[in-house]
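Asker: What follows is a single structure, and I will ask about it in a moment.
Bear in mind that the values in this text are calculations on the coordinates, not laboratory data. No experiment lies behind these values; they were computed from the predicted model shown. Reconstructed Cβ throughout: ideal geometry from the backbone, glycine too, with neighbour counts over all protein chains shown.
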Amino acid sequence: MIGPRCGRSIGPPGNEAPITAATGDPIIEFREVTYSVKGRRAPLISQLSMSVNFRETLVLLGRSGSGKTTLLRLINRMLVPTSGAVVVEGKSTVDWDAIRLRRHIGYVIQEAGLFPHFTVAENVGLVPKLEKWDPARIAQRTEELLRIVGLDPKEFAQRRPAQLSGGQRQRVGVARGLGADPPILLMDEPFGALDPVTRSELQREFSELSRRLGKTIVFVTHDLREALMLASRIVLLQNGRIVASGTPQKFLSIDHPEVRAFSATLHTVPGVPA
């Protein structure tokens with residue numbers, strides 16, 4: 001088990017997801033952001049404005065190619081906006097030192113992305129080591145995080161990623177993302193490659209963990225069930241634009257074709273097309 005469960009106003013259909021008093025002040029802001037790539041006619045992100053609030057779990061929902069992962073990469077400055085600004089903790093990402101910004105933000109991806117030649121402990125302690133933490137402090141933090149994600153340090157710390165199951169590797173990936181205790185955690189379909197049973201278990205456990213840790217989390221998925229389980233707010237993307245935004249409790253009632261298309265996936269009957 002990953003640990004003891006995660007995080008609201010409904011936005012009008014359009015291209016802006018407003019902040020809400022229930023979740024506090026924004027820690028991440030997109031201000032009229034457009035991101036284009038050479039040779040592509042339409043921008044990947046188009047004049048998008050959105051705020052992510054302190055300790056909010058914002059889930060970016062959408063089909064493949066809707067711009068979800070692009071938004072994550074704009075937050076940690078793996079990409080730079082063509083126009084507009086992405087602001088993290090009151091400062092534009094282009095004004096941050098890129099390395100400092102990325103070490104300030106945890107990043108968890110599908111299949112965990114662990115270094116195969118590192119032990120579990122070395123993977124989890126990587127960012128603290130880069131930050132020149134004292135070895136004793138790194139060891140203590142690594143042990144703490146492995147326990148938080150439900151892995152016994154005595155059993156797992158010296159294993160290599162190849163000696164772990166898919167679910168165990170993803171747990172280590174979450175622990176590594178939390179290594180230096182970042183205030184922001186980006187998660188790009190972290191449970192998407194797992195079998196359905198393991199995925200469901202990790203979703204429930206992560207929901208509990210996110211409540212306990214109190215991080216600001218931006219989570220990417222194309223699975224509406226996952227979004228409803230984990231989000232404090234869901235933002236639905238289509239063609240690089242926000243088309244709907246709301247709490248899990250209100251999201252399904254938003255009158256938009258793309259919301260209805262995703263909602264239909266919740267009501268499939270065996271043997272009957274959705």
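Asker: Would you order Val120, Val149 from fewest to most other beta-carbon atoms within 10 Å of each residue's own beta-carbon?
Answerer: Val149, Val120
Asker: Counting other C-beta atoms within 10 Å, and keeping those with at most 13, which DSSP coil trypsin sites (Lys or Arg not before Pro) do you find in region 123-195?
Answerer: Qualifying residues, ordered by number: Lys132.
Asker: Cα gyration tensor of region 164-274, axes a ≥ b ≥ c as square roots of the eigenvalues: rounded (a/c below 1.5), prolate (a/b > b/c) or oblate?
Answerer: Taking the square roots of the gyration eigenvalues as a ≥ b ≥ c, region 164-274 is oblate.
Asker: Still on this structure: Under a plain spin-label model, where a point goes 7 Å from the Cα along Cα-to-Cβ, how far apart in nm are Ser253 and Lys154?
Answerer: 5.2 nm
Asker: To the nearest 0.05, what FRET efficiency results for Arg147 and Ser200 with a Förster distance of 22 Å applied to their C-beta separation?
Answerer: Rounded to the nearest 0.05, the efficiency is 0.50.
Asker: Could you tell me the number of lysine pairs in region 52-172 with C-alpha atoms less than 28 Å from each other, where the two lysines are 8 or more residues apart or belong to different chains?
Answerer: 5
Asker: Could I ask something else about it? Which order do Glu89, Glu122, Glu131 fall in if you start with the one that has the fewest other Cβ atoms within 10 Å?
Answerer: Fewest to most other Cβ atoms nearby, the residues stand as Glu131, Glu89, Glu122.
Asker: Report ³J(HN,Hα) in whole Hz for each residue of region 212-224, in order, from the Karplus equation J = 6.51 cos²θ - 1.76 cosθ + 1.60 where θ = phi - 60°; Gly and Pro get x.
Answerer: Working through the residues one at a time gives 6, 7, x, 8, 7, 10, 10, 10, 9, 7, 10, 9, 5 Hz.
Asker: Most exposed first by the Cβ proxy, i.e. fewest other Cβ within 10 Å, how do Ser66, Ser51 rank?
Answerer: Sorted ascending by nearby Cβ count, the order is Ser51, Ser66.
Asker: Any idea how far apart Ala261 and Leu213 come out in nm if each label point goes 7 Å out from Cα toward Cβ?
Answerer: Here the modelled spin labels are 3.2 nm apart.
Asker: Taking square-rooted eigenvalues a ≥ b ≥ c of the alpha carbon gyration tensor, is region 131-197 rounded, prolate or oblate, where a/c under 1.5 means rounded and, failing that, a/b exceeding b/c means prolate?
Answerer: The shape class here is oblate.
Asker: Something else about it: Within region 16-125, list the trypsin sites (Lys or Arg not before Pro) lying in a DSSP loop whose Cβ has at most 13 other Cβ atoms in a 10 Å radius.
Answerer: For trypsin sites (Lys or Arg not before Pro) across region 16-125 that sit outside H, G, I, E and B with at most 13 neighbouring Cβ atoms in 10 Å, the list reads Lys38, Arg40, Arg41.
Asker: Report the calculated FRET efficiency for Lys129 and Gln47 (r = Cβ-Cβ distance, R0 = 41 Å), to the nearest 0.05.
Answerer: 0.50
Asker: Pairwise over distinct Cα atoms, reciprocal of the mean inverse distance: report the Kirkwood radius of region 199-259 in Å, one decimal place.
Answerer: 12.5 Å
Asker: With runs of 4+ DSSP H residues as the only contributors, calculate the mean residue ellipticity of the chain at 222 nm using -39,500 (n - 2.57) per run, divided by the residue total and rounded to the nearest 500.
Answerer: For the chain, the value works out to -9000 deg cm²/dmol.
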